[in-house]
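Beneath this line is the structure, given in structure tokens, with notes to follow.
The values are calculated or read from the model by the stated rules, or taken from the named source; none is laboratory data. From a predicted model like this one, the values you see are computed outputs, not experimental measurements. Here the Cβ positions follow ideal geometry from the backbone for every residue, glycine too, while neighbour counts run over all protein chains shown. When the accessible area is computed, the model is the full protein with side chains, heavy atoms only, and any ligands, DNA or RNA have been set aside. Shrake-Rupley method; radii C 1.70, N 1.55, O 1.52, S 1.80 Å.
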Amino acid sequence: MKHIFLLLLFCSFTTKNSLTEKYYVTFVKGSVIVSKTKLPVKIGDVLTEEDKLIFKDLSSKVSCIHPTKGRYDITPIKAKSSGDNELVAILKSNLTHSAVNYSLSTRSIGFDGNDPLLYFKALETQGRILFIENEPFLVKATYKMDDKNFFFIQFEDNGTTVAHKIKQNNFQLFFSKENFLTSSGIPVETASICYQSYVNGHSNSTVIADFKPIIATKEEISNEINLIEKIVVSKDKKKVKSEIVNHLFENYGKIDAEGLKIFTYFKN
């Protein structure tokens with residue numbers, strides 16, 4: 001009888017654990033700690049509905065993905081303040097399904113570059129634009145580019161207007177984190193992309209658009225793409241690509257189809 005009881009107890013335990021929903025972390029903003037381990041949440045971690053997270057502040061966020069249910073966000077908006085003034089959230093009460101779908105702009109066979117005047121508006125991401133650091137961003141050949149005709153970044157730093165010329169080559173722009181740092185080394189939240197033209201012996205600078213720059217390395221984004229590819233249970237590559245694009249647009253910013261082609265999963 002004792003053996004039967006133990007067997008039933010074991011079966012109950014294994015069944016409960018096999019049914020535990022798992023959520024894989026794909027993005028972390030700010031400082032978030034797992035209460036039971038006291039360790040920071042990091043990309044690739046596996047969370048369950050019973051896990052309790054501690055957020056440093058209201059700007060912190062965790063994004064995760066379920067193999068079949070899709071993307072979820074965990075934010076401290078619904079979290080309760082503990083006695084230590086910590087923002088504590090239990091997954092099962094704070095999971096918010098991310099149902100927003102973004103689409104990459106389609107490219108014709110004769111694609112000859114982006115028009116900055118249109119591209120940098122980025123209305124779909126509230127002005128956030130993702131650049132892969134030091135990877136080419138193709139610009140239309142209608143913009144002359146040489147030593148006297150070029151694009152530059154402009155922003156305000158403690159009341160001073162700062163301008164940084166963007167590295168360029170053959171109608172390609174190469175953005176780096178240094179383009180968007182203040183004198184204190186802090187990344188700016190908003191910047192302007194500008195164009196200087198040289199006509200009839202005179203230089204003229206024009207502000208094209210204001211935007212919110214997001215710079216990430218190829219390695220960072222590649223790791224997240226590989227993670228999502230492995231987790232999403234689907235033989236439909238189009239669906240998997242959609243999950244990846246939605247993840248990038250929502251947690252980083254707008255990126256174009258050409259920009260994604262540097263990643264193996266988007267080459268075909």
- Message: Here is a list: 90, 65, 43, 74. Which entry is hydrophobic (A, V, I, L, M, F, W, C), more than 24 Å from residue 246 (Cα to Cα) and modelled with pLDDT of 85 or more?
- Response: 90
- Considering only the range 230-264, how many residues are in a helix (DSSP H, G or I) and surrounded by 16 or more Cβ atoms within 10 Å (Cβ to Cβ)? 16
- Looking at this structure, is residue 151 touching a helix residue (DSSP H, G or I) at 6+ places or on another chain (Cβ under 9 Å), closer than 29 Å to residue 31 by Cβ and of a type outside the set (S, T, N, Q)? no
- Checklist (1) touching a Leu at 6+ places or on another chain (Cβ under 8 Å); (2) more than 22 Å from residue 219 (Cβ to Cβ); (3) of a type outside the set (Val, Ile, Thr) applied to residue 67, failing item: (1)
- Note on the structure: In the range 145-182, anything of a type in the set (Lys, Arg) and either within 19 Å of the chain's Cα centre (by Cα) or under 25 Å from residue 262 (Cα atoms) (or both) is listed as 165, 167, 177
- Note on the structure: Over the range 32-68, the set of residues of a type in the set (A, V, I, L, M, F, W, C) and part of a strand (DSSP E or B) is 32, 33, 34, 39, 46, 47, 53, 54, 55, 62, 64, 65
- Matching residues, the range 192-219, being under 19 Å from residue 255 (Cβ atoms), over 18 Å from the mean Cα position of the chain (by Cα) and open to solvent by less than 50 Å² (accessible area, probe 1.4 Å): 193, 208, 209
